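Notes follow once the structure below has been shown.
The values are calculated or read from the model by the stated rules, or taken from the named source; none is laboratory data. Note that the structure is predicted; figures quoted are calculated from it, not measured. Every residue, glycine as well, gets a Cβ built from its backbone with ideal geometry; the counts of neighbours run over all protein chains shown. Remember, those area values only see protein heavy atoms, side chains included, never the ligands or the DNA or RNA. Shrake-Rupley method; radii C 1.70, N 1.55, O 1.52, S 1.80 Å.
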Amino acid sequence: MISYQFDKDKANAALLYISREISDSDGMSDKYAALKILYFAEKKHLVEFGRLITNDRFAALKFGPVPSSSYDLLDYGASFTQIDNKKVIPNEEPNLKKLSKSDILCLDESIKENKELTFGELKKKSHDKAYHNAFDNGIQWLSIEDIATQEGADPSLIGYIKEYYQAVNFSKCLTN
């Protein structure tokens, strides 16, 4: 199992960016849609660039995979005002300096592809093979290797992803 450390600043910037792009005329954005759009952007970034955007873990929940710590940012973070269980209002502009060009590229593509999808369509789309590999087997977290495999990553890319996260973890050990 690949181990990685959540990047709160990048996740906050990504969620603010997504929320701004999908908000309604009252400035509210749908939490479920924002989290699914982030999940789809994460998958895309993983297979195109060999790493996740936020390094969040994806929980296998009833309504599909959820970027777990990002979900908490929407519920408890200072950057969002909670309207109800389904809607939030961003309180600030995203700090785009926290996001790379490749992060923004994948976020934009995911927003474009998924912005107009309904709850049911997002749910169906996110109930993918990686999700079922975890949920159907009572596993709490989706495997990053399963996500990469289902998205068509060849074994050499999966090997690169594993090495990348091992190096990141090793460097964090040296700095702590």
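Some notes on this structure:
- Note that the stretch 1-99, at 20 °C in a medium of 1.002 mPa s, gets a Stokes-Einstein diffusion coefficient of 158 µm²/s from its Kirkwood radius over C-alpha pairs.
- Estimated translational diffusion coefficient (Stokes-Einstein, Kirkwood radius over Cα pairs, 25 °C, 0.890 mPa s) of the chain: 150 µm² per second.
- Electrostatic dipole magnitude of the chain [Cβ: Lys, Arg +1; Asp, Glu -1; Cα centre; debye, to 20]: 200 debye
- In the chain, the calculated helix contribution to ellipticity at 222 nm averages -18000 deg cm²/dmol per residue, counting -39,500 (n - 2.57) for every DSSP H run with n ≥ 4.
- Heavy-atom accessible surface of the chain: percent carbon and sulfur, 1.4 Å: 52 percent
- Estimated Rh, the stretch 62-147: Kirkwood, alpha-carbon pairs, angstrom: 15.1 Å
- Per residue, the chain exposes 52 Å² of accessible surface when a 1.4 Å probe is rolled over the protein heavy atoms with every protein chain present.
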